Structure formats: C-alpha cells, structure tokens
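What follows is a single structure, written as structure tokens, with notes after it.
The values are calculated or read from the model by the stated rules, or taken from the named source; none is laboratory data. All values reported here derive from a predicted model rather than from experimental measurement. Backbone-built Cβ (ideal geometry, glycine too); neighbour counts: all protein chains shown.
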Amino acid sequence: MAIPDYQAIMLPLLKFAGDKDEHSLREATETLAQEFLLTESERKELLPSGQQEIFHNRVGWSRTYLKKAGLLDSTRRGYFKITERGHDVLRQNPPKIDAQFLDQFKEFKEFRVLRHAKEQTEEGSELTFETTPEEALERANQRLRDDLVGELLQQIKTISPSLFEKIVVELLVKMGYGGSRQVLP
C-alpha cells in the first residue's frame, strides 16, 4: 500500500483522538501506520531532505489542519486531544475529512486565506524572477517560524500569571538582563 496523503489521514487521526485522552504525535503515527498497514520500509521512507519520515510528516500536517479547524487542541508540545467540535464532527460520521470539509469552519477558512495571501504576497514581490531552491526553503522556514510564534503566543495566553512571570524572568536572565535568579540576603 502506498503512503496515504495528509488528507486521507485526517479522519483516522480524529477517530484515534476520539477517546478524549491526550495523545502524543508519535503514538498517533505508530497507531495510524498499523491501521494503514504500512510496511516497515514505507514507515521509514524519508522526505527528500532526509531529515524526517514521510508518514510522520503527513500525520503532523493532518494534525495541524485539524487544529486550525478547531477539531484538535494542543495540550503541550507534541501532544494533542480532541475538542468538543471534533466530537461533534465524529458524531456526524463523515465519510472523509479533507481541506474542503474543513472549510466549513471559520478558523480554518481564515488560516487558509491568510496563508494564501502570504504566498501571493511573496510570489508577487518577485514578478520577473524565478524562485531558487534556497529562497523556497527560506520561505518555508519563515512560515514554520510564524506558525511556531502563533502557537507559542496561544499557549502563553492560556497559562497562569505566576507561570507567565517565571517565563519572563527566565527569558530576561537568559538574555543577560537582571543578573541571576539568586535572592540576595
């Protein structure tokens, strides 16, 4: 069997999370690889960069899209669980979930519009030049950084004030401001 694309993974991933427990991406990847009957060589097949397994990457993208639609929620780095909206979708028993299905959710539409607008702006700035592989990689890296910044901000907004204060102090100390965390007598 060929490695499924990220859209084919969305519904099985949501069903996997349907037990309302917190799951790791690694656990989901392993379970879904068994469900899709992937061979050991298919599981270990790498992206052209040689840095990540293709199936793991596709499960990650499926999780990202489901998160952007509000069907899954990140509980901590590398972990997720289903949301109430995700349960509502499972109760509808859809035959498949893909990007077109996710377009019914406002948050997902906004994500796609923002991402598309960003790509158009980037492409529009180079009207007469072809994009080099290095530029494409830089753009992809910037998108990843932007997504990471968004996720970090979302996580920070949900923490307690005391934990936020600890993070700020730790950041200032690491940046070289304020000396150390030692309390003076």
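Taking first residues from region 76-104 that are touching a residue at least 24 places away in the same chain (Cβ under 8 Å) and partners that are hydroxyl-bearing (Ser, Thr, Tyr) and assigned to a helix (DSSP H, G or I), the Cβ contacts under 8 Å between residues at least 6 apart in sequence or on separate chains come to ALA99/TYR65; LEU102/TYR65. Residues that are modelled with pLDDT of 95 or more and in contact with a Lys or Arg (Cβ under 7 Å, 6 or more places away or on another chain) were ranked within region 24-63; the one that is farthest from TYR79 (Cα to Cα) is ALA33.
Out of the residues in region 25-48 meeting the condition of being assigned to a helix (DSSP H, G or I) and of a type in the set (A, V, I, L, M), tell me which one is surrounded by the fewest Cβ atoms within 10 Å (Cβ to Cβ). The extreme case among them is LEU25. Scanning region 48-63 for residues that are farther than 30 Å from LEU137 by Cβ and either of a type in the set (Ser, Thr, Tyr) or within 12 Å of the chain's Cα centre (by Cα) (or both) turns up nothing. Within region 93-140, which residues are part of a helix (DSSP H, G or I), modelled with pLDDT of 80 or more and either surrounded by 10 or more Cβ atoms within 10 Å (Cβ to Cβ) or of a type in the set (Val, Ile, Thr) (or both)? Those that are part of a helix (DSSP H, G or I), modelled with pLDDT of 80 or more and either surrounded by 10 or more Cβ atoms within 10 Å (Cβ to Cβ) or of a type in the set (Val, Ile, Thr) (or both): ALA99, PHE101, LEU102, LYS106, GLU107, PHE108, LYS109, GLU110, PHE111, ARG112, VAL113, ALA140. Among the residues of region 2-11 satisfying the criterion of being closer than 20 Å to GLN52 by Cβ and not hydroxyl-bearing (Ser, Thr, Tyr), which is surrounded by the fewest Cβ atoms within 10 Å (Cβ to Cβ)? In this case the residue turns out to be ALA2. Quick check on THR64: is it β-branched (Val, Ile, Thr) and more than 26 Å from GLN154 (Cα to Cα)? No, not satisfied.
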